[in-house]
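Peer 1: I have a structure here, written as structure tokens, and I will follow up with some questions on it.
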Amino acid sequence: MNLKSFVKENPMIKKLVLSILFRRRPYQSKVRWFVWCLFIFPKYFRRGISWRSRLDLVPFNKFSLGSYSRIEDGVVINNGMGDVMIEDEVHTGIGCVLIGPITLHKHVGLSQYVRILGMHHGIGPDKPHHHHPSTKAPVILEEDVFVGTGTVIMGKKNGEPLVLGKYCRIGANSVVMTDIPPYSVAVGNPAKVVRIWNATLNKWVKPASNKPIL
């Protein structure tokens, strides 16, 4: 058993460790200053990470950034609920919010103000929302997915990974709550597939149709 598993399986030790790492309420989602200095501040010297981004990172979950990837100004990345894994040549536009667990495969492109949420809050009215437990809802963007401005991608409430298939395109201001198949275009709230790439015709076609879209 490794140290991480040992801490997780012992509630009292876990509570002690979290009290050391995080500030007291109402800012308990923010790490203490010495944790920030040791584990977060050095990452700002990494090529591709803007000094005007915000890295809310914890040492017990992973954050990785591949070669030639870019974290733009105003981007918020939080790995408190799960790993945030960004592969090679990924671009995150200004103002994006990424809450793990999230995996962005190579060549993924996020336009401005895209929000990807890999977790859910409880919604009961018996106590304040920030006192409710959160659950993981992993999100995976496969190779060369492109997401338009203002889109919100929310993981599934049942905890299964939500997957955007390779080379799919998401229109601006969409809300994605279900899997999107590869080589497709999806738009709307909730997002629906409106185009599929037909390799034989070498054109986009409507779903369940071979009619070319000019």
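Peer 1: Output the residue which, of all residues in segment 67-110 that are in a loop (DSSP other than H, G, I, E, B) and polar (S, T, N, Q), is farthest from Arg169 (Cα to Cα). Before the answer, list the steps.
Peer 2: Applying the first criterion (in a loop (DSSP other than H, G, I, E, B)) to segment 67-110 yields 67-69, 72-75, 79-83, 87-90, 93-96, 100-101, 105-108.
In the following step, the residues that additionally are polar (S, T, N, Q) were identified as 67, 69, 79.
Values: Ser67: 23, Ser69: 19, Asn79: 25 Å.
Filtering segment 67-110 for residues that are in a loop (DSSP other than H, G, I, E, B) and polar (S, T, N, Q), the one farthest from Arg169 (Cα to Cα) comes out as Asn79.
Peer 1: Within segment 29-50, is there a residue that is surrounded by fewer than 15 Cβ atoms within 10 Å (Cβ to Cβ) and closer than 22 Å to Val163 by Cα?
Peer 2: Taking every residue of segment 29-50 in turn, none turns out to be surrounded by fewer than 15 Cβ atoms within 10 Å (Cβ to Cβ) and closer than 22 Å to Val163 by Cα.
Peer 1: Applying the selection to segment 74-95, what residues are among the hydrophobic types (A, V, I, L, M, F, W, C) and under 20 Å from Tyr167 (Cα atoms)? Spell out the reasoning first.
Peer 2: Taking segment 74-95 and keeping what is among the hydrophobic types (A, V, I, L, M, F, W, C), we get 75-77, 81, 84-86, 90, 94.
If the condition is that a residue be among the hydrophobic types (A, V, I, L, M, F, W, C) and under 20 Å from Tyr167 (Cα atoms), then Met85, Ile86, Val90 are the ones that fit.
Peer 1: Conditions first: (1) outside any strand (DSSP E or B); (2) among the hydroxyl-bearing types (Ser, Thr, Tyr); (3) closer than 23 Å to Val17 by Cβ. Thr135 passes all but one, so which condition is the exception?
Peer 2: Answer for Thr135: the failing condition is (1).
Peer 1: In this structure, is Gly74 surrounded by fewer than 19 Cβ atoms within 10 Å (Cβ to Cβ) and within 23 Å of Thr151 (Cα to Cα)? Can you show your working first?
Peer 2: Numbers: surrounded by fewer than 19 Cβ atoms within 10 Å (Cβ to Cβ): yes; within 23 Å of Thr151 (Cα to Cα): yes.
So Gly74 passes the test.
Peer 1: Among residues belonging to segment 130-148 that are surrounded by fewer than 17 Cβ atoms within 10 Å (Cβ to Cβ) and touching a residue at least 40 places away in the same chain (Cβ under 8 Å), point out the one that is nearest to Met119 (Cα to Cα).
Peer 2: Of everything passing the filter in segment 130-148, Lys136 is nearest to Met119 (Cα to Cα).
Peer 1: Go through segment 145-160 and give me each residue that's in a loop (DSSP other than H, G, I, E, B), modelled with pLDDT of 95 or more, in contact with a strand residue (DSSP E or B) (Cβ under 8 Å, 6 or more places away or on another chain) and of a type outside the set (S, T, N, Q).
Peer 2: Selection gives Val145, Gly148.
Peer 1: Just one of Trp204, Trp197 is without any contact (Cβ under 8 Å) to a residue 24 or more places away in the chain, among the aromatic types (Phe, Trp, Tyr), in a strand (DSSP E or B) and farther than 16 Å from Thr92 by Cα; which is it? Walk me through it before giving the result.
Peer 2: Values: Trp197 fails: without any contact (Cβ under 8 Å) to a residue 24 or more places away in the chain.
Exactly one of Trp204, Trp197 is without any contact (Cβ under 8 Å) to a residue 24 or more places away in the chain, among the aromatic types (Phe, Trp, Tyr), in a strand (DSSP E or B) and farther than 16 Å from Thr92 by Cα, namely Trp204.
Peer 1: Further, regarding this structure: Of the conditions (1) touching a Cys at 6+ places or on another chain (Cβ under 7 Å); (2) part of a strand (DSSP E or B), Tyr113 fails just one. Which one is it?
Peer 2: Failing condition for Tyr113: (2).
Peer 1: Give segment 149-160 a look and list any residue that's crowded, with 19+ Cβ neighbours inside 10 Å and either of a type in the set (Gly, Ala, Ser) or free of Cβ contacts under 8 Å to residues at least 12 places away in the same chain (or both), or say none.
Peer 2: Within segment 149-160, just Gly155 meets the criteria.
The values are calculated or read from the model by the stated rules, or taken from the named source; none is laboratory data. It should be emphasised that the depicted structure is a prediction, and the values quoted were computed from it without experimental measurement. Glycine gets a Cβ as well: all are built from the backbone with ideal geometry, and neighbour counts include every protein chain shown.
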